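Undergrad: Pasting a structure here, questions to come.
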């Protein structure tokens with residue numbers, strides 16, 4: 001199932017990108033039903049797609065862009081979660097929305113991520129099952145590493161569709177938030 005994703009990773013690395021983490025895709029049952037899968041998928045986060053708060057996100061080259069409010073998790077030295085932050089994942093639905101293999105070949109539609117201030121994980125946040133993620137990525141020869149950024153998957157069933165000039169407030173209760181601005185120019 002993940003062969004197209006690994007090809008997308010290899011193509012990005014060949015252009016100079018470095019893997020800095022992971023994204024969870026299709027974490028909502030409605031998204032899984034639409035994709036025809038029985039569980040979430042994963043994708044890579046690259047240093048070239050991890051953007052600072054306050055910098056406009058370019059939509060140049062996107063097909064059908066959207067933004068999702070998520071929680072970013074940072075993997076600690078012991079393999080557990082050592083910090084969390086509010087996050088925005090910008091996706092580009094550039095393949096048919098019901099074709100999981102094509103979506104994985106497009107790195108599960110990952111376009112960019114903006115991560116807010118890191119903080120200690122609060123009690124009761126309901127964080128991602130890191131053991132599931134570690135087992136999933138191990139199934140195709142990869143691993144979670146200390147310092148990796150993990151995007152938890154959307155906190156809503158559908159992304160908010162965006163265009164250049166839009167500004168979207170990203171708010172995660174208990175963690176805070178920030179505003180993402182979208183542009184036509186370079187990020």
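Undergrad: How fast does segment 3-183 diffuse by Stokes-Einstein, in µm²/s, taking the Kirkwood radius from C-alpha pairs at 20 °C and 1.002 mPa s?
TA: Approximately 131 µm²/s, per Stokes-Einstein.
Undergrad: How high is the relative contact order of the chain, in percent, with contacts defined as C-alpha pairs under 8 Å that are six or more residues apart?
TA: For the chain, the relative contact order is 31 percent.
Undergrad: Only Cα pairs under 8 Å and at least 6 apart count here; give the relative contact order of segment 26-106 as a rounded whole percent. It would help to have the intermediate numbers written out before the result.
TA: Details: 90 pairs, mean separation 21.5, N = 81.
Normalised by residue count, the contact order of segment 26-106 is 27 percent.
Undergrad: So how far apart, in nm, are the two label points at residue 13 and residue 99 if each is 7 Å from Cα heading toward Cβ?
TA: Result: 2.5 nm between the two label points.
Undergrad: Next up: Put a dot 7 Å past each Cα toward the Cβ at residue 167 and residue 117; how far apart are the dots in nm?
TA: 2.0
Undergrad: Rounded to whole Å, give me the distance from the Cα center of segment 7-49 to that of segment 155-172.
TA: If we compute the Cα centre of each part, the gap is 19 Å.
Undergrad: Take the Cβ-Cβ distance between residue 184 and residue 34 as r, set R0 to 22 Å, and report the resulting FRET efficiency rounded to the nearest 0.05. Walk me through the numbers before you get to the answer.
TA: Working: r = 29 Å, r/R0 = 1.31.
Between residue 184 and residue 34 the formula returns 0.15.
Undergrad: Restricting the calculation to Cα positions, tell me the Rg (one decimal) and the Dmax (whole number) of segment 15-112 in Å.
TA: 13.9, 39
Undergrad: Where both partners of a DSSP beta bridge lie in the chain, what percent of those bridges are antiparallel, to the nearest 5?
TA: The answer is about 85 percent antiparallel.
Throughout, read-outs are computed from the coordinates displayed, never taken from laboratory work. What you are looking at is a predicted structure, and each value in this text was computed from that prediction instead of being measured. Methodologically, a virtual Cβ is constructed for each residue, glycine included, from the backbone with ideal geometry; neighbour enumeration extends over all protein chains shown.
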